[in-house]
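Enquirer: Let me give you the structure first, and then I'll get to my questions.
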Amino acid sequence: MIAATPKPPYYAVIFTSLRTLIDDGYNETSDLMIALAKKQEGYLGHESARNEIGITVSYWSNVEAIKAWKQQTDHLLAQQLGREKWYKQYKVRICLVEYDYEFVL
């Protein structure tokens with residue numbers, strides 16, 4: 001589903017990753033991170049896709065909300081586990097969305 005974001009400006013956090021072959025707890029942790037992010041002040045929505053490369057884009061009202069999410073206790077643990085066992089590589093990009101448009105059938 002495409003996230004229903006507000007009128008810009010807002011921020012996008014793009015998390016691009018390459019996974020290892022280890023699945024131990026990954027899906028459960030991913031589901032928990034989504035549930036927790038939805039409760040964070042400033043969270044606006046997210047979109048995610050995975051093939052060989054995984055891409056998750058989360059949307060936030062401001063940079064302070066992004067910083068708070070990065071420091072959330074359970075998220076810090078998930079970040080650590082990701083580096084230790086789930087990801088070969090990842091990159092995070094934070095962008096200001098100044099303009100958006102859409103088509104709906």
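Enquirer: Lysines within cross-link reach of residue 39: Cα-Cα under 23 Å, excluding same-chain residues under 8 positions apart?
Expert: 7, 67, 70
Enquirer: Please check: in the Gaussian network model of the chain (C-alpha springs, under 10 Å), which one of 78, 35, 65 has the largest mean-square fluctuation.
Expert: Maximum fluctuation in the GNM of the chain, among the listed residues, is at 35.
Enquirer: Please find, in a Gaussian network model of the chain (springs between Cα atoms separated by less than 10 Å), the residue of 82, 54, 25 whose mean-square fluctuation is greatest.
Expert: Judging by the Gaussian network model, the answer is 25.
Enquirer: Just need the relative contact order of the chain here, percent rounded to a whole number, with Cα pairs under 8 Å and 6+ apart. Please list the in-between numbers first.
Expert: Details: 154 pairs, mean separation 48.6, N = 105.
So the answer I get is 46 percent.
Enquirer: Sticking with this one: When Cα Rg over 2.2 N^0.38 Å is calculated directly from the model, which label among [x] 1.09; [y] 1.05; [z] 2.24 fits?
Expert: The listed entry that was calculated here is [x].
Enquirer: Now, a different point. Within a Cβ distance under 15 Å of residue 71, other residues only, what is the Lys/Arg minus Asp/Glu net charge?
Expert: Values: positive: 39, 67, 70; negative: 41, 64, 74.
Net charge around residue 71: 0.
Enquirer: Return the FRET efficiency for the residue pair residue 28, residue 3: r is the Cβ-Cβ distance, R0 is 22 Å, and the value is rounded to the nearest 0.05. Display every interim value, and only then the final one.
Expert: Numbers: r = 23 Å, r/R0 = 1.03.
After rounding, the FRET efficiency stands at 0.45.
Enquirer: What GluC sites (Glu not before Pro) in the stretch 11-92 are in a loop by DSSP, with at most 11 other Cβ atoms within 10 Å of the Cβ? Can you show the working numbers first?
Expert: Working: sites: 28, 41, 47, 52, 64, 84; in loops: 41, 52.
Taking the stretch 11-92 and a limit of 11 other Cβ atoms within 10 Å, the loop GluC sites (Glu not before Pro) found are 41, 52.
Since every read-out is calculated from the coordinates, none of them should be taken as a lab result. Bear in mind the structure is a predicted one, so any value in this text is a computation, not a measurement. Virtual Cβ from ideal backbone geometry, glycine too; neighbours counted across all protein chains shown.
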